[in-house]
């Protein structure tokens with residue numbers, strides 16, 4: 001495609017995206033498609049000859065979009081807010097259009113240096129001390145895997161340079177809250193610790209890790225000859241946005257030489273609000289942490305920022321230096337390939353740089369505060385209406401609710417809960433994610449899509465009433 | 001940013017990208033910036049209030065672009081072709097603009113199903129058998145790490161579900177050619193094998209792994225009580241595009257129960273040409289392989305396709321299934337989160353789908369053939385001109401060259417080589433990557449940027465003459 005064709009088709013696509021975003025609220029939130037529908041609508045073999053570009057755009061309309069669940073819909077309350085603010089989208093467009101690649105600093109100096117600057121901007125916005133250095137990864141899953149690999153290697157005196165994990169004289173143990181994200185378990189397993197050496201620490205009534213239980217678990221492992229290696233604390237767990245007590249955990253980590261990694265993937269965005277920073281009090285004691293601006297903050301996915309206090313450990317674990325990547329500038333610069341798993345890196349900093357500049361810190365703060373207030377409004381409405389219950393504290397933008405009619409309990413209550421949530425999702429009017437809490441299903445209402453205003457939350461509350469009324473009142477069956 | 005503002009600013013950005021691509025050949029290929037120049041041009045603190053969008057675009061022009069090395073420049077002969085064909089760029093724009101996320105199939109069905117279809121298209125284009133299933137990862141570094149994690153777990157009876165790597169009764173060993181990419185070593189170290197258990201197998205005079213030496217290494221390890229676990233073969237090594245003998249290696253892998261992973265990150269694209277498929281004869285015997293369409297083929301970075309013969313191993317190693325990700329469709333669908341490291345996934349399939357449809361298989365084949373012919377032309381020109389030498393076979397698009405004036409050898413020759421390459425790079429007229437071959441520096445000429453025609457290769461050859469003439473003839477010092 002020539003630059004001139006790109007100019008023409010690009011304008012068409014920009015208009016198409018603008019129309020999509022402007023009209024997304026008229027679509028069903030959850031895709032109304034059965035497994036295989038999209039696959040069957042596409043040819044099974046690739047085209048030998050070039051196809052007209054109009055056909056591609058037509059299929060985008062005809063096949064792809066009806067097969068999507070719309071994360072930018074104002075009635076999207078599922079999973080977590082994954083906001084691609086349109087200014088950030090343009091930053092990503094600049095990156096993809098420029099098509100440059102980070103391998104070494106020299107392979108595109110601005111790619112590295114804008115990333116240094118903008119991750120430091122974000123550090124300041126989050127109120128983190130200056131000794132933390134940031135790097136952009138794809139997701140928190142990767143950031144947490146990187147953290148646990150660094151923990152493993154620091155604890156083993158860098159066994160990777162010798163005989164590997166087998167030579168470690170005793171099992172290394174990883175600790176996390178029973179409410180930590182599935183990516184923590186995945187990372188511990190992939191890093192080779194083994195499920196037997198992952199301790200899921202019990203939580204208190206607010207679903208936060210109990211520091212006293214962590215202390216006991218560490219002591220038990222030490223007494224048994226195992227080596228406590230790392231603890232992952234969460235600021236804002238996935239199920240309820242619970243807040244692990246970072247300061248108490250940091251004290252234990254420091255006392256016993258554990259690597260402290262803080263998973264603030266979702267809730268980290270809230271720390272641009274000074275009034276929220278009590279939630280991760282003690283964060284200065286972390287060895288590493290992850291904050292995903294591609295969630296609530298509004299950077300186009302994927303943009304997960306990993307902060308470390310001591311980059312030397314990270315670089316020692318991740319660095320490679322083959323001749324074909326060496327340049328004369330290497331001693332004076334950061335080579336971010338040594339800060340994570342992939343060698344090749346996109347110019348991801350642009351989407352964060354565009355977002356922060358176009359919105360300003362004040363603009364981002366105002367939007368997050370809107371969402372916090374909306375969550376409080378919903379929590380109060382639900383909490384004040386029998387037989388509804390709010391099941392967990394609401395420090396952030398997620399409200400965990402259950403409708404508990406008289407006489408319903410146990411499995412029958414689970415069927416009722418999954419039933420009304422499924423009715424809402426299938427209706428296309430709103431989208432919620434159910435989850436287990438203390439072994440029973442409930443509905444998570446995750447507020448914070450860019451387009452979600454108070455009116456949408458009020459409408460959701462009405463829909464919840466209608467859905468628990470037996471399903472009446474839905475426009476789409 | 002509202003959809004209407006996005007429409008206006010998006011059109012400006014499309015024009016800006018079109019102008020950039022159309023005029024990139026008038027820029028110096030390598031960034032003419034010293035370490036810190038870009039960083040110092042940017043404010044050290046984030047803006048509290050929103051900034052005018054014009055200022056962002058102005059800084060893109062003023063600060064960012066002069067700080068880039070231009071990978072889409074027709075005189076870019078460094079590293080490898082990392083082509084973002086403009087049709088593929090538009091596919092990525094659609095993905096980012098839609099802003100949907102793959103977590104579960106249900107979270108955006110089309111995201112999963114278009115990926116299933118388009119990776120199967122590519123499988124057919126590469127001439128791979130139907131039992132291979134594909135998934136898009138970010139880079140080959142990640143794909144190779146995934147492969148070695150699967151190899152480790154299959155060999156250990158899935159130790160991750162129990163005591164982890166420490167419980168494996170004897171060391172697991174990984175084999176790769178001495179010319180394998182640095183990402184293979186990195187993956188083996190991160191997966192916990194340890195450098196002591198990574199065998200870099202000697203190569204033949206064409207820089208390909210010697211299967212007889214591999215057989216000896218396997219036998220030695222077995223005799224010493226170690227467990228041969230995995231072998232990584234490369235189709236098209238980074239330094240010289242050497243071709244490891246896949247069929248012979250596959251026979252050994254099968255006989256001794258090794259996981260065979262094939263790294264065809266760069267050269268895999270060439271397999272859309274039937275006349276190139278002899279290069280990976282025996283590929284049917286691989287357990288996994290990686291091909292990066294974001295290299296020579298033209299998909300916008302990042303798009304690394306990982307093929308596996310038995311997805312069950314992959315899913316068993318990578319799967320997580322917390323309640324908040326479960327949906328009623330799970331038994332009928334693929335959940336690609338269980339096919340790699342990250343949970344959240346972009347709609348990367350669109351950029352490959354746009355590319356293949358807009359170019360057609362025939363269009364892609366024609367461009368790759370152009371590059372193969374250009375490489376042969378340069379190899380013949382260099383090979384026929386004293387004191388130049390072509391140092392390795394040229395099966396693909398990379399030509400390894402050295403200028404060897406009488407009387408120059410050893411370190412003096414290295415200084416001469418690094419000197420003339422550096423003069424070319426600093427001139428901005430062309431860009432080459434030097435590398436070590438048999439312990440001595442040489443220049444890799446990697447042909448295959450989208451815009452690189454024969455005239456550009458001819459011009460490079462003239463520039464090489466001028467640069468070895470003492471540096472005369474450069475427009476920029």
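The values are calculated or read from the model by the stated rules, or taken from the named source; none is laboratory data. Every value quoted in this text rests on a predicted model; they were computed, and no experiment measured them. Cβ: placed from backbone, ideal geometry, glycine included. Neighbour counts: every protein chain shown.
Return the total of residues in the stretch B:380-394 being free of Cβ contacts under 8 Å to residues at least 40 places away in the same chain and closer than 23 Å to residue B:203 by Cβ.
Total meeting the criteria: 3.
Suppose we filter the stretch B:81-90 for residues that are within 29 Å of residue A:293 (Cβ to Cβ) and more than 7 Å from every other protein chain (Cβ to nearest Cβ); how many remain?
So the count comes out to 2.
Any idea how many residues of the stretch B:391-435 are more than 14 Å from chain A (Cβ to nearest Cβ) and on the phi > 0 side of the Ramachandran plot?
2
How many of the residues making up the stretch A:313-352 are more than 8 Å from chain B (Cβ to nearest Cβ), in a helix (DSSP H, G or I) and in contact (Cβ under 8 Å) with a residue 60 or more places away in the chain?
Looking only at that region, the number is 10.
Collect the residues in the stretch A:115-133 that are under 29 Å from residue A:452 (Cα atoms), in contact with a strand residue (DSSP E or B) (Cβ under 9 Å, 6 or more places away or on another chain) and at the interface with chain B (Cβ under 9 Å from one of its Cβ atoms), keeping them in residue-number order.
A:118, A:122
Any idea how many residues of the stretch A:277-297 are assigned to a helix (DSSP H, G or I) and surrounded by fewer than 24 Cβ atoms within 10 Å (Cβ to Cβ)?
5
Okay, residues lined up against (1) over 24 Å from the mean Cα position of the chain (by Cα); (2) surrounded by fewer than 21 Cβ atoms within 10 Å (Cβ to Cβ):
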| position | (1), (2) |
| --- | --- |
| A:170 | yes, yes |
| A:188 | no, no |
| A:195 | no, yes |
| A:209 | no, no |
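Condition first: closer than 30 Å to residue A:87 by Cα and in contact with a helix residue (DSSP H, G or I) (Cβ under 6 Å, 6 or more places away or on another chain). Now tell me which residues in the stretch B:104-135 satisfy that.
B:104, B:105, B:109, B:110, B:112, B:113, B:114, B:115, B:118, B:135
Can you tell me which condition residue B:397 does not meet? The list is (1) within 21 Å of residue A:106 (Cα to Cα); (2) under 25 Å from the mean Cα position of the chain (by Cα), and all the others hold.
(1) is the only condition that residue B:397 fails.
Looking at the structure I just gave you, is residue A:427 farther than 22 Å from residue A:242 by Cβ and surrounded by 22 or more Cβ atoms within 10 Å (Cβ to Cβ)?
In short, yes.
Going through the stretch B:394-433 one residue at a time, which ones are under 30 Å from residue B:273 (Cα atoms) and at pLDDT below 95?
Matches in the stretch B:394-433: B:433 only.
Please identify the pairs in which a residue from the stretch A:234-258 that is within 14 Å of chain B (Cβ to nearest Cβ) has its Cβ atom under 6 Å from the Cβ atom of a residue that is at pLDDT below 95 and assigned to a helix (DSSP H, G or I), counting only partners at least 6 apart or on another chain.
A:238/B:324
Go through A:94, A:31 for me and flag whichever is touching a helix residue (DSSP H, G or I) at 6+ places or on another chain (Cβ under 6 Å), at the interface with another protein chain (Cβ under 7 Å from one of its Cβ atoms) and under 19 Å from residue A:427 (Cβ atoms).
A:31
Under the condition of being farther than 25 Å from residue B:33 by Cα and at pLDDT 95 or above, which residue from the stretch B:451-477 is surrounded by the fewest Cβ atoms within 10 Å (Cβ to Cβ)?
B:455
So that you can scan it fast, the table gives a plain yes or no per residue for (1) part of a helix (DSSP H, G or I); (2) crowded, with 16+ Cβ neighbours inside 10 Å; (3) in contact with a strand residue (DSSP E or B) (Cβ under 8 Å, 6 or more places away or on another chain); (4) in contact (Cβ under 8 Å) with a residue 24 or more places away in the chain:
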position	(1), (2), (3), (4)
A:364	yes, yes, no, yes
A:371	yes, yes, no, yes
A:378	yes, yes, yes, yes
A:402	no, yes, yes, yes
A:418	yes, no, yes, no
A:444	no, yes, yes, yes
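Could you tell me which numbered condition residue A:93 fails, if it satisfies all but one of (1) within 23 Å of residue A:294 (Cβ to Cβ); (2) touching a residue at least 60 places away in the same chain (Cβ under 8 Å)?
(2)
Test residue A:15 against the criterion of being modelled with pLDDT of 95 or more, touching a helix residue (DSSP H, G or I) at 6+ places or on another chain (Cβ under 9 Å) and more than 7 Å from every other protein chain (Cβ to nearest Cβ), and give yes or no.
Taking the combined requirement at face value, the residue does not satisfy it.
What is the one condition in (1) more than 7 Å from every other protein chain (Cβ to nearest Cβ); (2) crowded, with 17+ Cβ neighbours inside 10 Å that residue A:53 does not satisfy?
Of everything listed in (1) more than 7 Å from every other protein chain (Cβ to nearest Cβ); (2) crowded, with 17+ Cβ neighbours inside 10 Å, residue A:53 misses just condition (1).
From the residues in the stretch A:34-46 that are within 7 Å of chain B (Cβ to nearest Cβ) and within 16 Å of residue B:349 (Cα to Cα), which one is surrounded by the most Cβ atoms within 10 Å (Cβ to Cβ)?
Of everything passing the filter in the stretch A:34-46, A:38 is surrounded by the most Cβ atoms within 10 Å (Cβ to Cβ).
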